[in-house]
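Asks: Handing you this structure, nothing more for now.
Just so it is clear, none of the values below were taken in a lab; they were calculated from the coordinates. Worth saying up front: this structure is predicted, and the values here are computed from it rather than measured. Backbone-built Cβ (ideal geometry, glycine too); neighbour counts: all protein chains shown.
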Amino acid sequence: MGEFKVHRVRFFNYVPSGIRCVAYNNQSNRLAVSRTDGTVEVYNLSANYFQEKFFPGHESRATEALCWAEGQRLFSAGLNGEIMEYDLQALNIKYAVDVFGGPIWSMAVSPSGSQLLVSKQLLVGCEDGSVKLFQITPDKIQFERNFDRQKSRILSLSWHPSGTHVAAGSIDYISVFDVKSGSAIHKMIVDRQHMGVSKRKCIVWGVAFLSDGTVISVDSAGKVQFWDSATGTLVKSHLIANADVQSIAVAEQEDSFVVGTAEGTVFHFQLVPVTSNSSEKQWVRTKPFQHHTHDVRTVAHSPTALISGGTDTHLVIRPLMEKVEVKNYDAALRKITFPHRRLISCSKKRQLLLFQFAHHLELWRLGSTVATGKNGDTLPLSKNADHLLHLKTKGPENIICSCISLCGSWIAYSTVSRFFLYRLNYEHDNISLKRVSKMPPFLRCALQILFSEDSTKLFVASNQGALHIVQLSGGSFKHLHAFQPQSGTVEAMCLLAVSSDGNWLAASGTSAGVHVYNVKQLKVFEYSIPDKQYTDWSRTVQKQGFHHLWLQRDTPITHISFHPKRPMHILLHDAYMFCIIDKSLPLPNDKTLLYNPFPPTNESDVVRRRTAHAFKISKIYKPLLFMDLLDERTLVAVERPLDDIIAQLPPPIKKKKFGT
Amino acid sequence: MVSDQKPLGSWSVKQGQIITCPAVCNFQTREYIVVHDNKVLRIWNNEDVNLDKVFKATLSAEVYRILSVQGTEPLVLFKEGAVRGLEALLADPQQKIETVISDEEVIKWTKFFIVFRHPVLIFITEKHGNYFAYVQMFNSRILTKYTLLLGQDENSVIESFTASVDRKFISLMSLSSDGCIYETLIPIRPTDPEKNQTLVRSLLLKAVVSGNTRNGVALTALDQDHIAVLGSPQAASKECLSVWNIKFQTLQTSKELPQGTSGQLWYYGENLFMLHGKSLTVIPYKCEVSSLAGALGKLKHGQDPGTHVMPRFVNWETPQGCGLGFQNSEQSRRILRRRKIEVSLQPEVPPSKQLLSTIMEDSEKHIEVEVRKFLALKQTPDFHTVIGDTVTGLLERCKAEPSFYPRNCLMQLIQTHVLSYSLCPDLMEIALIKKDVQLLQLCLQQFPDIPESVTCACLKIFLSIGDDSLQETDVSMESVFDYSNSVHDEKMEEQTEILQNGFSPEEDKCSNCDQELNKKPQDETKESTSCPVVPKRAALLNAILHSAYSETFLLPHLKDIPAQHITLFLKYLYFLYLKCSENATMTLPGIHPPTLNQIMDWICLLLDANFTVVVMMPEAKRLLINLYKLVKSQISVYSELNKIEVSFRELQKLNQEKNNRGLYSIEVLELF
């Protein structure tokens, strides 16, 4: 394969926002995650935990609650006092409804098993102590009525599985409401004492209502408490942390639940028989997990795993070993830190990198060296990397996507409401930036932007399912064509690729179909994955199968590119490795060593040739956010060490290291 | 604690009225009944808000208690001893109430039972220090009066009563002012109701509470075998709740109530209710089926009671007829059949039987031969049981005939590794009486379960036995190394002064002690190099050091050892410590030497137990100073370690920074 010069970039100062809510959807096995900047992501747990959908954040929109309703509908509510529904097809916000109760702290959808209710209901708890009931209609939500107003904010809500009662956690107490009358039938006072010291307030961060009438509460005094909702009395109390217990989630069978604490610990509780083969059962704290360094703000309980997220920005999926039947890579712990979408684009000709942040873009020029060396050497730099440009967006919206053209003279990015295109001029070391004004009205919101290789065309995938082709020449542009989505679908395109001659454009939507467009003749060829014409190589791979270790990889491939000069080479990478596949070499079988970090030293050429296989893997760079070939012998790798992210987070709760 | 719970309902009487009888719930009608001002009955339910407006009945006599149990109508017991059903009473509230008990007789306590679906009421009265029990049967309307005789202790005052009932008797338990619990059995069906009968009480538990506490004493029966007692166990200690198993006379559990109680205790639905300080405390307590193992704190086996009688020694290696219920019946039958055949094939008298019969009559010599013969066979399936039976047999004979002491036999049997202390507690007892240090050493090495009291008794003997009598014994010297000519290859450089780096502990009061010590340098060197005990004693003491113990149980026994023996042992331990620290690895030479931890733990234990005594002894002063210095040096070692840890962390950080190649670099990568 040979030697490469690798530009190892660590100056991408990207810090993901902390996770605020997770909501697990049992029907589709998907997980919705909201972050503190208002971003909402949807992960497909069946497809290797791939982050398949993404809604950009907004400065004023701090999401405090997230829930699924009627199978496929996703709602969020936040401190701006609005309930929002997300359109999972078009990838935009369907509508937002102000509830007029001040900031919303909690939200819950009526349980599916409820017999009493004809349609689903949505309940929100507000800052002013009101609990508001909404009816979910097929295309919107409609306010129905208020429950009895409480004296302080409602921080948590949980429906009884029959839908007749609701538990609401507030400050210093828990209320139990009768849904029919809307009146509070019990008020359960939570003890403020914390380790013998009376705290000012005890905040009930989470409640869970079980079918037997038990209410489980978690609070800021570090307690997990069990209440009898029929009598309004405390049944049992577990003190599990010195800090707040901030989240709770119960399994559907109600035989186990999970809580998350501000110390970063997640505790698993299970309903186990008191003695073996006795029918009497009790809740027992079974397993503690420490996968977080900071507050665990939210937890979810899928049938096979505990899911947690918090301030330290990791989404952790911890499978329950007793629930996993086969010991495959589904049983492995997952820690997802980085988005699976592309945040970095690269101008190969000018050796530029464009970094996308929530509210700005950064343009960097890579350095250079004249030295050469052998494997593993760090070469002396003749020129260091330069920060060329810092482009700030206006307005509260986060950037959805961005791109720099290969020649480096065009930069485009988009927010939810505006599309921006800039022309860059290079005069020696000076750069001048000129915004292309008067964007046509159809170019308002792009989900994906791509330039053709010769930088003459701009491809924009809008959220309405249309694909626009724009001709760029000099400082102006001309709208060439729009591929409209097939009638009846509004599926958003989230991936774009263009062939190097600029004649073919491929686009992929959220439902995994791939459309190929002929740009010259303006025709649409559509291939959906199942009946696509595979290449011979791909058929061979299918026949022979991948190496078992390759199949055991658990992180999704986030980027694929082709070698500009050698069509047989494919470069792909995920967060922990990159791989160049040489299609001319034989495929590895299960007996060959897939990954060999050491150079074959004293082996003869014959042995070398015999053991050589198509997959060339390197795990030197991690976590790897971006990798591409700049030219034939040069690679660029963008890493983001986790320690650098942690260094930018607020300090975690101090814990004593030693017993003294 | 239920103080933070919300009461479900609360009612109060008008100002000036006094509630004279606890409110009860009529389970049949879901109503509550209370009496105020002795004669006024109030009945209400959950919906009522104001007690003043609810049903009221004024009675003609003063009520002592209203009693209500599930499944029957409540009863009203009047202060004069008459009893009425509530319904009958409400039909005519002003009806005449007869007087049952005599003048000056006062009802002290009452309880209401259902026996064979018939209500039975018992109440206790007192008159001039005499106690009477009345049992009222409601099916036959018979009232029987009994006089309670207090037995030997006529002066004691009964403070609290409780009762439980079984088929024939009411078991009345009383807690007297002497702190003991007595039991009186009252027949449910009186033999002769007309005659005034007497009942004698018997002592059930001795001194469960301190005799001189006045208030806060209460007693309640949990089931036939368990009672809960509220009170302070010793005069000075805090009040506490204890649950006793009366069948086995053991304390099941106890809980301290530091804020004090009011002498009221109820048991209802597996929960104990009591006042603790200003709050009502509820403690869930479920009585397990009383078994000896349970009483001793061991897990109870899931075995049906009364199915099989377990043999005294169980051989776990062969399936027994009893237990091991997991085999299906067919299989076990087959095994039984096979075993039958095996049995029939064996000679009439198996060697084990022969051995057991030998033990009972033959001479020591002959027994030794037989034991040796049996041990040579070894692989018999009932090996464990026979060994157990043999030892028990031998020990029984030892006790019967003081001259009989088959020492060699016992040694051989111990060395089979199948015995333990709990199998033959008499063995060590006899060895202690005979001062057989060799056998004791062997026991200490072999038995995993020697109680701390016995360990301590051994230690006493090991320290007190004369050197000349030690010479005659043949103790195992495995753990002792000849320290006098030990090789000093690994010897650390002796440092007179630790060079402090940053850390400098306060120059304390010991500096002048140091000077004092320095005056006699020859002495010190002599002391540190020569062993204070003869090697044989050292071997015995090492056996003690190796034995397992629990600090709490050992400490009280250590206090009984004479002070000069304590100093001797401390000197020996200090000597061992010095030997340890001479070595770079901090271990002692030898095959099975005591470890540094064992040495340090024992030094601490001995000092904890006897410090006040040792500190007064002039000859122990130097030793204490040495030990003090030892502790000081240990502390400085740990502080140095802490410093090293910090330095290491800094180094680690530096190392990380080195690995961190900065924000940008160009590297060469070769892919193979």
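Asks: Place a label point 7 angstrom from the Cα of A:Lys187 along the Cα-to-Cβ direction, then list the residues of region A:136-167 whose backbone nitrogen is under 13 Å away.
Replies: Hits in region A:136-167 for A:Lys187 at 13 Å: A:148-153.
Asks: Net charge near A:His468: determine it from the other residues with C-beta under 13 Å of the C-beta of A:His468, scoring Lys and Arg +1 and Asp and Glu -1.
Replies: Computed value for this residue: +3.
Asks: To the nearest 20 Debye, how big is the dipole of region B:351-450 about its Cα centre, given +1 on the beta carbon of each Lys and Arg and -1 on that of each Asp and Glu?
Replies: Magnitude of the dipole: close to 260 debye.
Asks: What is the distance, in nm, between label points placed 7 Å from the Cα along the Cα-to-Cβ direction at B:Gln94 and at A:Asp386?
Replies: Inter-label distance under the simple model: 11.5 nm.
Asks: Turning to a different aspect of this structure: If R0 is 35 Å, what FRET efficiency do you get for A:Glu427 and A:Glu59 from their C-beta distance, rounded to 0.05?
Replies: 0.45
Asks: Let me ask something else. Can you compute the label reach from B:Phe55? Point 7 Å from Cα along the Cβ direction, backbone N cut-off under 15 Å, restricted to region B:84-117.
Replies: It comes to B:85-94, nothing else.
Asks: In a solvent-free Debye calculation with one equal scatterer on each Cα, what is log10 I(q)/I(0) for region B:1-156 at q = 0.10, 0.20 Å⁻¹, listed in the order of the q values?
Replies: -0.42, -1.30
Asks: Let's test the formula: R0 of 35 Å, r as the Cβ-Cβ distance of A:Val235 and B:Val69. What FRET efficiency results, to the nearest 0.05?
Replies: With a Förster radius of 35 Å, E is 0.85.
Asks: Spin-label point model (7 Å from Cα, Cβ direction): what's the A:Arg633 to B:Ser636 distance in nm?
Replies: 6.4 nm
Asks: With +1 assigned to the C-beta of every Lys and Arg and -1 to the C-beta of every Asp and Glu, and no other charges, what is the dipole magnitude of region B:577-672 about the Cα centre in debye, to the nearest 20?
Replies: The dipole of region B:577-672 has a size of about 360 debye.
Asks: Calculate the FRET efficiency for A:Gln253 and B:Glu670 from the Cβ-Cβ distance with a Förster distance of 41 Å, rounded to the nearest 0.05.
Replies: Once the sixth-power term is evaluated, E becomes 0.15.
Asks: Figure the gain on full extension for B:Lys559 and B:Val534 (residue separation times 0.36 nm, minus the Cα-Cα span) and round it to one decimal in nm.
Replies: 6.6 nm
Asks: Right, another one. Stokes-Einstein at 4 °C, 1.567 mPa s, Kirkwood radius from Cα pairs: D for region B:351-450 in µm² s⁻¹?
Replies: Approximately 96 µm²/s, per Stokes-Einstein.
Asks: Here's something else I'd like to know. In the neighborhood of B:Thr29, defined by Cβ-to-Cβ distances under 11 Å, what is the net charge if each Lys or Arg adds +1 and each Asp or Glu adds -1?
Replies: -2
Asks: So which GluC sites (Glu not before Pro) in region A:155-264 pass both tests, a DSSP loop state and at most 16 other Cβ atoms within 10 Å of the Cβ?
Replies: Those that pass, being in a loop and sparsely packed, are A:Glu252, A:Glu254.
Asks: From Cα coordinates alone, what are the radius of gyration and Dmax values for region A:271-409 in angstrom?
Replies: That works out to 24.4, 76 Å for Rg and Dmax.
Asks: If amide H atoms are built 1.01 Å from N in the plane of the peptide, which residues on other chains or at least 5 residues away come under 5 Å of the amide H of A:Arg640?
Replies: A:Leu625
Asks: How many nm is it between the label spots at A:Met568 and B:Leu251, if each spot is 7 Å from the Cα in line with the beta carbon?
Replies: For A:Met568 paired with B:Leu251, the spin-label model returns 8.6 nm.
Asks: Using only the Cα atoms of region A:148-232, what are the Rg and Dmax in Å?
Replies: 12.2, 40
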